[in-house]
Amino acid sequence: MRSYPYTITISSEKGGVGKTTLATNLAIYLKAMREDLPVTLFSFDNHFTIDKMFELQKRGENVPDVHELLMGAKGSEVVQTGQYGVGFIRSSTELSDIHERFKGPMTLTRMLAESGISGIIIIDTRPDLNILTQNALYAADRVLIPVKDLPSLENCKNIFAQFDQRGIDKKSLALIPCLIDSRIKFEGIFKDQKTLLRAIAVNRGYRCMDTHISKSPKVESLNTNPDGKIYPILTHARGTEVYSQFMEISRDILRSFDATRESRACLYHTWLLEKEAHKKESYLARLEGLTERCLICGALLAEHSDDRSFYFETSDRSARGFLHGYCVNKMLCSALYGLKESDPTFDAATALVAEKVTKSVSLLLPRINSEGSRLDYRLFSMKGEQLLQKSVGMPGFEAGEFNGVNDRLYLLLNEALAGFEGALREKSWLSVYPVDPIKPEAVLHEDSYKSVHRLQRQLSEAIQAL
């Protein structure tokens, strides 16, 4: 059975509130309290505290780090086992180039779901709400927000606002008063810092953990000392309030972990699988709706599958399918230049047409009125910019006569756009898209088909603008 991680994100826009101390020591406590539970830690900050605290040997060249994770490396392949049995991913100063990769808010959630990492993951974030921090927030089953004073409490509103904007349930968010100086006392109902911060938080609708983390000279010495090392609270601060407070926080986390049947990563991966299944069903439905023949030459595409270089679709989506490249090129050559195949310049003109239409979208709009039948032909770039417009006469089309020049065009229009009693469907038109002849069906995959319909809308707007 596949395992998915339970994710804890430590976040605050305010620096100096104890995020990294909370993240690193929480990892050690969790591992100590449940030795068989995998605990993994990584940071988006660049102070390398995690590396200094957990690395068993000095960093060498080509050692995987968090940059590789964010660029798509599988999580289980970049995790290293560090001190105290905690798994960690080394930090990196080179994270500025990955922001383009993280345009979506759930990119990290997907990475963690597919990481192969089990147990608990703890993410230490930067003191800002950049796209990486946002991804870490949305990926989390629990978000711990350290607050030590009113400014850090004030900044919390931005994190809660992010969840409101995305429509995400805020029950995963919890404030935890940190670096509380027990010597500071107030008169009145709020007798100390933690009581005041918790009261203000609750008044604003924020959930607050029952425990807090005290300010401790002993704990501060574990990070700043003549040895230049970083020591854990679990082993070097026994007997302090902070030691017991971390024990309480860890128990709370483990209770939540045990009570969570499906982590956020698991739920998201299940949603992805369902989405992919829906995409597959939609793709198969689109395949079933294709015409069996090339509407220009009439050949069965199953028997003549070579050179399926174009995909056509009508404006009302009632007809769609593939067309042979040589059929389209010859049809447009005749229609645009009035040439027959017997004309000496036909092959050269066809090559010229092919060069343009294999990189562009052709729009064919028949216009039939009392003055006769004409074709409004337009050529668009793949971005929807109009490159060419030409009006072509269609003599004999309305009477069903072929004229030796536009025969292929007449066949396509009648087959694709014919409606009641053979008349063309009113205001209908068709567009012809170049596709990869080796894998023409790829145009019907979800993302490619969305691009087709974006272009269809742009073409429709271009027609209506006249």
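The values are calculated or read from the model by the stated rules, or taken from the named source; none is laboratory data. All of these numbers come straight from a predicted model, not from anything done at the bench. Because the Cβ atoms are built from the backbone with ideal geometry, glycine has one as well, and the counts that use them run over all protein chains shown.
Some values worked out for this structure:
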item	result
The one condition in (1) touching a residue at least 40 places away in the same chain (Cβ under 8 Å); (2) of a type in the set (Gly, Ala, Ser); (3) in contact with a helix residue (DSSP H, G or I) (Cβ under 6 Å, 6 or more places away or on another chain) that GLY298 fails to fulfil	(3)
Listing of strands (runs of 3 or more DSSP E) fully contained in the stretch 297-409 that carry 3 or more residues being over 29 Å from PHE420 (Cα atoms)	386-393
Residue count, the stretch 353-380 (criterion: touching a Phe, Trp or Tyr at 6+ places or on another chain (Cβ under 7 Å) and surrounded by fewer than 22 Cβ atoms within 10 Å (Cβ to Cβ))	3
Residue within the stretch 32-54 that is part of a loop (DSSP other than H, G, I, E, B), modelled with pLDDT of 95 or more and among the basic types (Lys, Arg) present	yes
Selection count, the stretch 210-240, where residues are in contact (Cβ under 8 Å) with a residue 24 or more places away in the chain, basic (Lys, Arg) and in a loop (DSSP other than H, G, I, E, B)	2
Filter result for the condition that a residue is in contact with a helix residue (DSSP H, G or I) (Cβ under 8 Å, 6 or more places away or on another chain), hydroxyl-bearing (Ser, Thr, Tyr) and surrounded by fewer than 24 Cβ atoms within 10 Å (Cβ to Cβ), over THR49, THR21	THR49
Test: residue in the stretch 67-86 that is among the aromatic types (Phe, Trp, Tyr), under 22 Å from the mean Cα position of the chain (by Cα) and assigned by TED's automatic domain parsing to the domain that holds SER256	no
Qualifying position, being modelled with pLDDT of 90 or more and hydrophobic (A, V, I, L, M, F, W, C), among PHE397, PHE380, PHE402	PHE380
Some residue of the stretch 55-74 being closer than 30 Å to LYS229 by Cβ, among the small types (Gly, Ala, Ser) and touching a helix residue (DSSP H, G or I) at 6+ places or on another chain (Cβ under 7 Å)	no
Among residues of the stretch 243-261, those that are of a type in the set (Asp, Glu) and touching a Ser or Thr at 6+ places or on another chain (Cβ under 7 Å), counted	1
Residues satisfying the stated conditions in the stretch 172-223, i.e. under 42 Å from the mean Cα position of the chain (by Cα) and charged (D, E, K, R)	LYS194, ARG198, ARG204, ARG207, ASP210, LYS215, GLU220
Identity of the residue in the stretch 1-18, more than 23 Å from the chain's Cα centre (by Cα) and surrounded by fewer than 24 Cβ atoms within 10 Å (Cβ to Cβ), that ends up nearest to ARG251 (Cα to Cα)	GLY18
Unique residue being of a type in the set (A, V, I, L, M, F, W, C) and surrounded by 14 or more Cβ atoms within 10 Å (Cβ to Cβ) when the list is LEU254, LEU287	LEU254
Among the candidates ARG255, ARG251, ARG198, ARG207, residue that is in contact (Cβ under 8 Å) with a residue 60 or more places away in the chain, basic (Lys, Arg) and under 27 Å from THR7 (Cα atoms)	ARG251
Test: HIS269 is over 21 Å from ILE28 (Cα atoms) and either acidic (Asp, Glu) or touching an Asp or Glu at 6+ places or on another chain (Cβ under 8 Å) (or both)	yes
Residue match in the stretch 27-45 (condition: under 18 Å from THR125 (Cα atoms) and of a type in the set (S, T, N, Q))	yes
Residues located in the stretch 263-296, provided they are part of a loop (DSSP other than H, G, I, E, B) and over 30 Å from ALA335 (Cβ atoms)	SER263
